[in-house]
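The values are calculated or read from the model by the stated rules, or taken from the named source; none is laboratory data. Just so we're clear, the structure is a prediction, and the values are computed from it rather than from any experiment. Using ideal geometry, Cβ is built from the backbone for each residue, glycine included, and neighbour counts are taken over all protein chains shown.
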Amino acid sequence: MNIKGYIRVSNHDQNENRQLVALQEVGVLNADIYMDKQSGKDFERPQYKKMLRKLKRGDLLYIKSIDRLGRNYTEILEQWRILTKEKGVDIVVLDMPLLDTRRGKDLMGTFLSDIVLQVLSFVAENERVNIRQRQAEGIAAAKARGVRFGRPSAPLPENFHGVYQRWRAGKINGTEAAKECGMAISTFRYRAGIYEKAKLPQRQ
């Protein structure tokens, strides 16, 4: 029996040490740990595929948590099926001791393991959905408070105030004002709107 471990972090900025230490603590050698540092968006993970090719019937695979296997409920279940049914590999999910295919090889044990797997896969996907929803709600709330996202606006040109005053007085049109400021007409109108709000006197 060969013992292997798999790690996935969602991007290059995320630290993989927590997963790495957990695998080392159960005796997985560094040479037998496969790690992908990329998004699971398209599931094109080179190290995962390499590991699949090397796994043989009777081998043991450790993962830290169930969501390392896929990006959603369907993919997690599919990868679990491939590993356990097609490859004949045992899996141990360290964060959930009930998900240890070495135990309960009889029909009842397999049935209970499958139920736990489906529940946890659903919970993992549901949590990701909730996180995305909370992020969207947080962004919407921040925008409502006037928080702006993206790159900061470029500073206004030195002649903007004078050009703006002439444009407001009707001495030049928007196209001429934008040209003098070195801006597109849409940019000039947008920045003029912000400038105008900033200049409005506060009511007592």
Quick one: is residue 134 modelled with pLDDT of 70 or more, over 20 Å from residue 59 (Cα atoms), assigned by TED's automatic domain parsing to the domain that holds residue 192 and of a type outside the set (Ser, Thr, Tyr)? no
Of all residues in the stretch 179-193, which are over 11 Å from residue 164 (Cβ atoms), in a helix (DSSP H, G or I) and out of contact with any Gly (no Cβ under 7 Å at 6 or more places or on another chain)? 179, 186, 187, 190
Is it the case that the stretch 23-35 has a residue that's surrounded by 12 or more Cβ atoms within 10 Å (Cβ to Cβ), modelled with pLDDT of 90 or more and small (Gly, Ala, Ser)? no
Taking the stretch 42-98 and the residues there that are part of a loop (DSSP other than H, G, I, E, B) and of a type in the set (A, V, I, L, M, F, W, C), the one that is nearest to the chain's Cα centre (by Cα) would be 43
